[in-house]
Amino acid sequence: MNHTLIFNISSDDIIRGFGCYRIAHHLRNHNWDVEVIDYTISWELEELKELVRSRVNSNTKFIGFGQVFTFWTPKLEAFTKWIKDTYPHLYLLAGMQGFPTYDANYIDYYIVGHAENAILKLLDYLFNNGLPLIKTEFPWTDKKVILANSTDSPHHAGYMTDLEVQYQDRDFIQEGEWLTMEFSRGCKFKCSFCDFPYLKAKGNYIAAKEDFVTQMKENYDRFGVKNYIVADSTFNETTEKIRTYAEGVQELNFDPFFAGFIRGDLLISRPQDKELLLQMGFLGHAYGIETLNRESGKTIGKGMDPEKVKQGFYDIYNYFNNNGRELYAATLSFIVGLPYETKETIASTIKWINALPPEIYVSIHPLIINRHSYGNTSEFTLNWEKYGYRERQVENGSAYQESIDRDPSRNAVNWENDYMTMDEALDIAKSVRLEDKPLMTDIWMLATNAMHGKEVEERLTTPVAIFDGPEGRVNTDAFIRKYIDNKLNWKP
């Protein structure tokens, strides 16, 4: 049986990266022995080498690296160089959702997007004389990139309904840990700023209820896992989808908790969905409000009357606080710099934000228009001039330049329109300080390893500042250390 190792490059303070486990499960169904190694950036370089030496055998064909957000570190570069020097016959493959803009010199192939189909075709090409894959040439890079991130790609894995992940004992899932669940892959909507893959989806593309129930029962019985972050771009696309999994939860002998993207205007328009989400235990909601400017909302595909949005949110908030076992958590996100958004209208939005209940977390960011178009590309990226944006010269010391210095991989347009510049949008977003809301909890941080062993109730009442503080760091380090020791001590 062919063998591989896949290293998960995810932040060590939150949930395990999910994509590596999907690929591992998929490859195992095609007669591969796959071991996933988590929290790679937290390992010492010598520990990574020790693990590889203990695992590589005559059947090992490649070593993979998976991540959601594309970044690279000197330690990872040194590690991949060592692998190439020590095992020159092994291919190094990397998979991610974003384009690999970072500087890595030893990766042989990159797969961008959901990789189930692309990885099988690539492996068939590398080891079974299969057909060569279509690799995309880009003017700014010589990387061997295989695009699998849109329905235009012959390798895409959109709209899959077999989304199961089966964890193994050697994954060393710790009791009380949070995992990721994927119910569907695709979204029936297409917001102008969105570059998520597989938009405007049609037909039935949700995973079977039976598979969902099986995974939930197995993860609880084997590992004590009952809480999940949901990977779906929009979970509440249809009432029927929510009802399907709410019925599945009724077959469980425990109460789960789910957190993920919920489209707020849909929940306002379909108030009956609140009861189904309650039955399911889907009580951590991330609402992409984006704007409270009516014209801006119409432009991006979210045209509900802002007054209805504001009142609707409070109706949702009151419903779940009165019925949700005191487990409801909400994160609201906004974008600064959308078409027709002025400094005055965003100031009005910030005033409303500041009046929200103290436990509501708010995420506010400037509009990012990616410069390059590849695969899943937003309307803003394709036609930003049509939406009234112009490119500005970058000035030393500007907010935009500072953002580039923090993240050299960023390749976004330094835009301006008739209402503001990107520098001003960055400054406005930065100025929205939330220290006066001490109880706020970002729903994505509910899964943090810094709170390992804590029930949802305690996580909900722990401020994000504690997650990021010394106490959280101690908890995270202990969690990661236990995992690394288990992996190093395990023998194939």
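Quick one: count up the residues across the range 48-71 that are over 18 Å from Asp13 (Cβ atoms), surrounded by 15 or more Cβ atoms within 10 Å (Cβ to Cβ) and out of contact with any strand residue (DSSP E or B) (no Cβ under 9 Å at 6 or more places or on another chain). Number of matching residues: 1. The condition (being modelled with pLDDT under 90, among the small types (Gly, Ala, Ser) and touching a Phe, Trp or Tyr at 6+ places or on another chain (Cβ under 6 Å)) is satisfied by just one residue among Ala399, Ala450, Ala412: Ala450.
Does Phe254 satisfy the criteria of being assigned to a loop (DSSP other than H, G, I, E, B) and in contact (Cβ under 8 Å) with a residue 60 or more places away in the chain?
No: the conditions fail for Phe254.
Within the range 176-220, the set of residues being surrounded by fewer than 17 Cβ atoms within 10 Å (Cβ to Cβ), in contact (Cβ under 8 Å) with a residue 60 or more places away in the chain and under 30 Å from Ala450 (Cβ atoms) comprises Gly176 only.
Is it true that some residue in the range 50-65 is over 18 Å from Asn486 (Cβ atoms), outside the structural domain of Ala207 (by TED's automatic domain parsing), out of contact with any Ser or Thr (no Cβ under 8 Å at 6 or more places or on another chain) and among the hydroxyl-bearing types (Ser, Thr, Tyr)? Outline the logic, then answer.
Going through the range 50-65, the residues over 18 Å from Asn486 (Cβ atoms) turn out to be 56-65.
Filter again for outside the structural domain of Ala207 (by TED's automatic domain parsing), leaving 56-65.
Now narrow it down to the ones that are out of contact with any Ser or Thr (no Cβ under 8 Å at 6 or more places or on another chain): 56-59.
When the remaining residues are screened for being among the hydroxyl-bearing types (Ser, Thr, Tyr), the result is 58.
Within the range 50-65, one or more residues are over 18 Å from Asn486 (Cβ atoms), outside the structural domain of Ala207 (by TED's automatic domain parsing), out of contact with any Ser or Thr (no Cβ under 8 Å at 6 or more places or on another chain) and among the hydroxyl-bearing types (Ser, Thr, Tyr).
Taken over the range 160-205, the criterion of being aliphatic (A, V, I, L, M) and in a loop (DSSP other than H, G, I, E, B) is satisfied by Met160, Leu163, Val165, Ile173, Leu199, Ala201. Here Ile23, Ile41, Ile107, Ile6 are screened, and the one residue that is buried (at least 18 other Cβ atoms within 10 Å of the Cβ), assigned to a helix (DSSP H, G or I) and not aromatic (Phe, Trp, Tyr) is Ile23. Within the range 344-359, being touching a helix residue (DSSP H, G or I) at 6+ places or on another chain (Cβ under 7 Å) and either closer than 24 Å to Phe380 by Cα or buried (at least 22 other Cβ atoms within 10 Å of the Cβ) (or both) holds for one residue alone: Ile346. Being more than 23 Å from Thr448 (Cα to Cα) and either among the hydroxyl-bearing types (Ser, Thr, Tyr) or in contact with a Pro (Cβ under 9 Å, 6 or more places away or on another chain) (or both) is the requirement here; does Ile316 meet it? The answer is yes for Ile316. The set of residues in the range 215-251 being over 24 Å from the mean Cα position of the chain (by Cα) and part of a loop (DSSP other than H, G, I, E, B) consists of Gln250, Glu251. Scan the range 138-159 residue by residue and report those that are hydroxyl-bearing (Ser, Thr, Tyr), assigned to a loop (DSSP other than H, G, I, E, B), surrounded by fewer than 18 Cβ atoms within 10 Å (Cβ to Cβ) and more than 20 Å from the chain's Cα centre (by Cα). Once the filter is applied, which keeps residues that are hydroxyl-bearing (Ser, Thr, Tyr), assigned to a loop (DSSP other than H, G, I, E, B), surrounded by fewer than 18 Cβ atoms within 10 Å (Cβ to Cβ) and more than 20 Å from the chain's Cα centre (by Cα), the range 138-159 yields nothing. Flag: Pro438 does not match the condition of being at pLDDT below 90, surrounded by fewer than 17 Cβ atoms within 10 Å (Cβ to Cβ) and more than 30 Å from Lys343 (Cα to Cα). The listed residues are Leu120, Leu133, and the only one of them that is more than 20 Å from Gly17 (Cα to Cα), among the aliphatic types (A, V, I, L, M), outside any strand (DSSP E or B) and in contact (Cβ under 8 Å) with a residue 40 or more places away in the chain turns out to be Leu120. I'd like the full set of residues that are of a type in the set (D, E, K, R) and over 14 Å from Phe65 (Cα atoms), limited to the range 89-117. Within the range 89-117, Asp103, Glu116 meet the criteria.
Hey, does the range 231-241 have a residue that's modelled with pLDDT of 95 or more and aliphatic (A, V, I, L, M)? No, the range 231-241 has no match at all. Within the range 119-137, no residue satisfies the criterion of being closer than 16 Å to Gly64 by Cβ, exposed (fewer than 13 other Cβ atoms within 10 Å of the Cβ) and among the charged types (D, E, K, R). Per the listing Gly176, Gly130, the residue uniquely farther than 30 Å from Phe257 by Cα and at pLDDT 85 or above is Gly130. Got a number for residues in the range 275-286 being in contact with a Gly (Cβ under 9 Å, 6 or more places away or on another chain) and surrounded by fewer than 22 Cβ atoms within 10 Å (Cβ to Cβ)? Qualifying residue count for the region: 2. The condition (being modelled with pLDDT of 90 or more and loosely packed, with under 13 Cβ neighbours inside 10 Å) is satisfied by just one residue among Tyr314, Tyr389, Tyr328, Tyr340: Tyr314.
The values are calculated or read from the model by the stated rules, or taken from the named source; none is laboratory data. Note that this is a predicted model, so its numbers are computed, not measured. Quick reminder, even Gly has a Cβ in these numbers, built from the backbone with ideal geometry, and neighbours come from all protein chains shown.
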